[in-house]
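Asks: I'd like to ask some things about the structure below.
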Amino acid sequence: MINRRQLIKTELRLLLRDYAFLGLIGLLFFLMFFASWNTHRHLVAKKGELDVQLEVVKENDRALALQIDSLNQGLATYEDQYTLPTSAVRLTYNNHRIAWKPVDAFNLIAIGQSDLYNNYKKIVLYFNDSYERASHELVSPIEQLFGQLDLAFVWTYLLPLIIILVSFNILSAERESGRLKLIASQPVKVAYWLIVKIGIRFFSIFALLLIFTFFLLNVYGVPVFQHSSGFGELISMLFLYTAFWFFLSLVVNLAGYSSGRSLILLTNLWVLFVFLIPSVVNQLSNELHPVPTRLEMVNHHQHVYNEVEAKLEEEMEGLFRLHPDWRSDDPVTKDRSNSTGWNINFLAKQYLAQLKHQPQALRYEEKIDERNRWADQFRILSPAMIFQNAVTDLAGTSTRYYRDFLRQSQEYAQDYRAYVFKGLFTNHAFSSKEVKNLPAFTFERQHLQSNFWPNVLTLLAYLIVISVSIFAFTKTRTRIT
């Protein structure tokens, strides 16, 4: 038998002299660097938008508190009662709230759904549907089709291509160049020789991938050492996903095809796992679990608003039966001829319409969640879907994290809306202390269960199945001939 250490040294020496391999490694690093820069730029812009909105809320609250103090000290007067800074009408119109999703430690690795959804929601109580399903449309339709370049995209879509290009013809190239006869003169088993060649490429690429990832995360300020468990999860998924494509390449090499056929087969498998299966699953989820159109939701909201407007007194009595402490005998709140009464009447119609529209809105959200759960079950059909699910979950930018953020923001909006409207209907005079201590939003990420272990076990199952195929080939091809 050839000395194992000598064989590994020889293969490493040949690999380091392979300019095509070195060029592909350079391309991988460039793509990862550019993707990291692009994601960092995106995160900075998102954070800048959020900081501006939080500052606006803080400044509005500060200004309102100062106006209340001036009024109480007799330093300011107001002609209309509804313009009083202590009035809930002023609070409703001028002092909105912000529900925001905080920055996660590994946001840099995946833009995910953050290029479609904002990381904050405005809670503006006088505007219909202001906090439900609000999103910003992308400017470019091409950008909407392909998304933005991030590390998750490079790893999920482009890394397999690089692996295919460095490993598709390891055996066939030796056969086609005539060097196979020289190798055959040595007492070496085909499985061992081929596993060594692919193993060297696998560990070389994975080691460089680990170094590149660690370097880029530190360059852009990701606290890797403070979140070592998260970094361990990321490296574990990268290891398994990289191993899957190398194992697949090993099977194709052992099948004994020509270089051209091996490349075509591996490319077809790449299309199957990376594009075809995810596209079919997504299309089936839309067909089997259709979601009502946004127009239907808007029409329903307008319909219930018209119903409330037609029988406002009856609807208000129903509301006061539900909330007896909201009822007030204050004549100002009942007199619609004055500005305060008119504004309370106007805001009450919107509030009651939102309450009646809420069951329909919840059914809409349940339909979306049902579709997403159905599609998520079939991620096991594609290692690419498994890997992308894992990295976007780790980054906190997956669909289910944004859906959870939306749910939490809606719950906060309902609580805050009830708090303010109770003061509105009872004509409560808010103090500066109350303004400074208005209910605040807190995002709780721990609501969602981690998918890390299910994803790991599924990828391991893929590797086991491929290992059985490798074993079957090695039983029939024990020596190079």
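Asks: Which condition does Leu182 not pass, out of (1) buried (at least 21 other Cβ atoms within 10 Å of the Cβ); (2) at pLDDT below 95, if it passes all the others?
Replies: (1)
Asks: How about the stretch 269-356: which helices (runs of 4 or more DSSP H) wholly inside it have at least 2 residues that are farther than 30 Å from Pro160 by Cα, over 32 Å from the mean Cα position of the chain (by Cα) and free of Cβ contacts under 8 Å to residues at least 40 places away in the same chain?
Replies: By residue number, 294-310, 312-322, 331-334.
Asks: Same structure again: Under 9 Å by Cβ, and 6 or more places apart or on different chains, what pairs join a residue from the stretch 155-167 that is of a type in the set (Gly, Ala, Ser) with one that is modelled with pLDDT of 95 or more and not in a helix (DSSP H, G or I)?
Replies: none
Rundown of residues vs (1) surrounded by 13 or more Cβ atoms within 10 Å (Cβ to Cβ); (2) of a type in the set (Ser, Thr, Tyr); (3) closer than 26 Å to Leu91 by Cα, yes/no style:
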site	(1), (2), (3)
Gln283	no, no, no
Thr293	no, yes, no
Val308	yes, no, yes
Arg321	no, no, yes
Thr333	yes, yes, yes
Ala348	yes, no, yes
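Asks: Considering only the stretch 61-90, how many residues are part of a helix (DSSP H, G or I), of a type in the set (A, V, I, L, M, F, W, C) and in contact with a helix residue (DSSP H, G or I) (Cβ under 6 Å, 6 or more places away or on another chain)?
Replies: 5
Asks: So, in the stretch 95-119, of the ones that are touching an Asp or Glu at 6+ places or on another chain (Cβ under 9 Å) and modelled with pLDDT under 90, which residue ends up surrounded by the most Cβ atoms within 10 Å (Cβ to Cβ)?
Replies: My answer is Gly112.
Asks: Which residue, of Ala395, Ala384, Ala348, is touching a Phe, Trp or Tyr at 6+ places or on another chain (Cβ under 8 Å) and farther than 20 Å from Gln113 by Cα?
Replies: Ala348 is the lone residue from the list that is touching a Phe, Trp or Tyr at 6+ places or on another chain (Cβ under 8 Å) and farther than 20 Å from Gln113 by Cα.
Asks: When the residues of the stretch 9-67 are filtered to those that are within 30 Å of Thr92 (Cα to Cα) and of a type in the set (Asp, Glu), which remaining residue is nearest to the chain's Cα centre (by Cα)?
Replies: The extreme case among them is Glu49.
The values are calculated or read from the model by the stated rules, or taken from the named source; none is laboratory data. Treat the numbers as computed from the prediction; the structure is a model and nothing was measured. So basically every Cβ, Gly included, is an ideal-geometry build from the backbone, and we count neighbours across all protein chains shown.
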